[in-house]
Amino acid sequence: MHNRLLILLLLMVSLELSGQKAVPVPGASPLSGVPLIALSALDNEALLQEELNNRGPNRPPKFAQRREVDIRPTETGLWESLPNGDMLWRLRIQSLNAHSINLGFTEFYMPEGGRLLLYDPLQTEVLGPFTPSDNEGHQQLWTPVLG
């Protein structure tokens, strides 16, 4: 029997959300046991001032603050075998003071049977599933905004 691959990336968008509980995945360990990558807090006032200072004709407004991370499921996060035979990988990402988050995977390949879901801790907003049909020749995936 071939196990399906299920990947969930749990996004903790703000401190206010981080203390609340996500809907559990049946058979998975509690969210508190899932590794957390905590990005340094954003200084929204400084970012706004920088944006206002740089505004000008023919210059689009800045959409986001880029935060580079190197996250690889083989090295980061938590892998678990679920009772139904599925494999589950989870990781929490926290970006304090962020109003929203979107992810850019610069090396993305989803194997057959796999899927990627992105959601906030309460699962009030879920993006995906991203599946092998989302694999592109350039091997990138840029998600919509979550939050």
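The values are calculated or read from the model by the stated rules, or taken from the named source; none is laboratory data. Owing to the predicted nature of the structure, the values given are computational and were not obtained by experimental measurement. Here the Cβ positions follow ideal geometry from the backbone for every residue, glycine too, while neighbour counts run over all protein chains shown. Just the protein is used for accessible areas: all its heavy atoms, side chains included, with ligands, DNA and RNA removed. Shrake-Rupley method; radii C 1.70, N 1.55, O 1.52, S 1.80 Å.
A few comments on the model shown:
- Candidate set: the stretch 47-65, residues that are open to solvent by 70 Å² or more (accessible area, probe 1.4 Å), at pLDDT 90 or above and charged (D, E, K, R); chosen: the one nearest to Trp142 (Cα to Cα): Arg59
- Residue list for the stretch 115-133, filter: crowded, with 16+ Cβ neighbours inside 10 Å and either among the acidic types (Asp, Glu) or assigned to a strand (DSSP E or B) (or both): Arg115, Leu116, Leu117, Leu118, Tyr119, Asp120, Leu127, Gly128, Pro129, Phe130
- Some residue of the stretch 96-109 being of a type in the set (Val, Ile, Thr) and open to solvent by less than 30 Å² (accessible area, probe 1.4 Å): yes
- Those residues of the stretch 66-83 which are within 22 Å of Gly104 (Cα to Cα) and loosely packed, with under 11 Cβ neighbours inside 10 Å, in sequence order: Arg66, Glu68, Val69, Asp70, Arg72, Thr74, Glu75
- Close contacts from the stretch 38-64, counting a first residue that is within 13 Å of Ala98 (Cα to Cα) and a second that is open to solvent by 60 Å² or more (accessible area, probe 1.4 Å) and outside any loop (DSSP other than H, G, I, E, B), with Cβ to Cβ under 9 Å and a gap of 6+ residues or different chains, come to Ala41/Leu15.
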